[in-house]
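**Q** Have a look at this one before I ask anything.
The values are calculated or read from the model by the stated rules, or taken from the named source; none is laboratory data. Nothing here was measured: the structure is a model prediction, and the numbers come from that model. Glycine also receives a Cβ, built like all others from the backbone with ideal geometry; neighbour counts cover every protein chain displayed.
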Amino acid sequence: MNRRDFAGLLAGLSAIASLAAKAQNAQPAGTATSVTCLIHPNMVMMDLVAPLTVFNLLLADIRLVAKSSDPVSTELGLPVVPTHTFATAPRQSTVLFVPGGLAGSVATMQDQSTLNYLAEAGAQSDWVTSVCTGSLLLAAAGLLDGYRATSHWYVKDLLAMAGAEVTDGRVVHDRNRLTGGGVTAGLDFGLSLAAQLADENMAKTIQLVLEYDPAPPFNAGTPETAGEELTSRVLERRNPLIEQARTALSGRQI
């Protein structure tokens, strides 16, 4: 990075800090943006980190909530340390956020204490949100019934089993529900939510500082662009977990 680029980065960060501080100061005392993130074993690190990067630039109070205080392993094997447990975490927050990861989501959908926590926190949060297969957990907790929602392309149709209206889109917004598609949609999701929590100018400033200007080397990010052969191979590998998710939703207790 040359001196000019570095100066530009500093200017962008300064602008974000200034905008975020103004947004926080404009709120009544004690109502600063709070984000409760459910962290669960085998979640996908990118599902968590991309939105958290945006939340952090918004100067949000971020809570990482898990069933216990033990470090939570991600699909990369990198642990994430909770700041709160179900027993200590406030139920009320500005944003309840659930990351995905198919294996982790399927296992967590079968943990009733986690679903109970999500149901309680979702009922008391201003926004109920997810990225990727995190929406399966929201659905299993009864939080998407009657709402338009999306998920990773290979499981989004399962949301209908929990009363959701399955909707195509990288980010789907319905009232106080905001759900994102698979993995890389986390930044789109974060920026969309930033525009709701602050304003569009803040979201654009964060996008610029993150240099979020995607230009993928291949056009294979959806079943439509990847083609039938590649899509079938992915589904063949994922099908056992997809069927487990279907079974978990069909037997949900909430």
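**Q** Show me the strands (runs of 3 or more DSSP E) found entirely inside region 113-217 where at least 2 residues are β-branched (Val, Ile, Thr).
**A** Details: elements: 125-131, 171-174, 177-180.
Of the strands (runs of 3 or more DSSP E) lying wholly inside region 113-217, those with at least 2 residues that are β-branched (Val, Ile, Thr) span 125-131, 171-174.
**Q** Right, another one. Looking at (1) over 16 Å from Val44 (Cα atoms); (2) surrounded by fewer than 14 Cβ atoms within 10 Å (Cβ to Cβ); (3) in contact with a strand residue (DSSP E or B) (Cβ under 9 Å, 6 or more places away or on another chain), find the lone condition where Lys67 falls short.
**A** (2)
**Q** What are the pairs, 6+ residues apart or on separate chains, where a residue within region 141-154 that is free of Cβ contacts under 8 Å to residues at least 40 places away in the same chain and under 17 Å from Trp127 (Cβ atoms) has its Cβ under 6 Å from a residue that is surrounded by fewer than 19 Cβ atoms within 10 Å (Cβ to Cβ) and acidic (Asp, Glu)?
**A** Tyr147/Asp174; Arg148/Glu165; Arg148/Asp174
**Q** May I ask you to list pairs of residues, at least six apart or on different chains, whose Cβ atoms are under 6 Å apart, with the first in region 127-138 being more than 14 Å from Asp111 (Cβ to Cβ) and the second being among the polar types (S, T, N, Q) and assigned to a helix (DSSP H, G or I)?
**A** Thr133/Ser105
**Q** Taking the options Ser68, Ser93, Ser151, name whichever one is of a type in the set (Ser, Thr, Tyr) and under 23 Å from Ile242 (Cβ atoms).
**A** Details: Ser68 fails: under 23 Å from Ile242 (Cβ atoms); Ser93 fails: under 23 Å from Ile242 (Cβ atoms).
Being of a type in the set (Ser, Thr, Tyr) and under 23 Å from Ile242 (Cβ atoms) holds for just one of Ser68, Ser93, Ser151, which is Ser151.
**Q** So which of Asn201, Asn176, Asn219, Asn239 ends up being touching a strand residue (DSSP E or B) at 6+ places or on another chain (Cβ under 6 Å), at pLDDT 95 or above and surrounded by fewer than 20 Cβ atoms within 10 Å (Cβ to Cβ)?
**A** Working: Asn201 fails: touching a strand residue (DSSP E or B) at 6+ places or on another chain (Cβ under 6 Å); Asn219 fails: touching a strand residue (DSSP E or B) at 6+ places or on another chain (Cβ under 6 Å); Asn239 fails: touching a strand residue (DSSP E or B) at 6+ places or on another chain (Cβ under 6 Å).
Unique residue meeting the criteria: Asn176.
**Q** Which ones in region 222-236 are surrounded by 15 or more Cβ atoms within 10 Å (Cβ to Cβ) and over 25 Å from Phe189 (Cα atoms)?
**A** Of all residues in region 222-236, those surrounded by 15 or more Cβ atoms within 10 Å (Cβ to Cβ) come to 223, 226, 231.
Of everything in region 222-236, nothing turns out to be surrounded by 15 or more Cβ atoms within 10 Å (Cβ to Cβ) and over 25 Å from Phe189 (Cα atoms).
**Q** Which pairs do you get when a residue that is more than 18 Å from Leu57 (Cβ to Cβ), found in region 206-220, comes within reach of a residue that is among the aliphatic types (A, V, I, L, M) and modelled with pLDDT of 95 or more, reach meaning Cβ atoms under 9 angstrom, with the pair 6+ apart or on two chains?
**A** Pro214/Leu187; Phe218/Ala226; Asn219/Ala226; Ala220/Ala226; Ala220/Leu230
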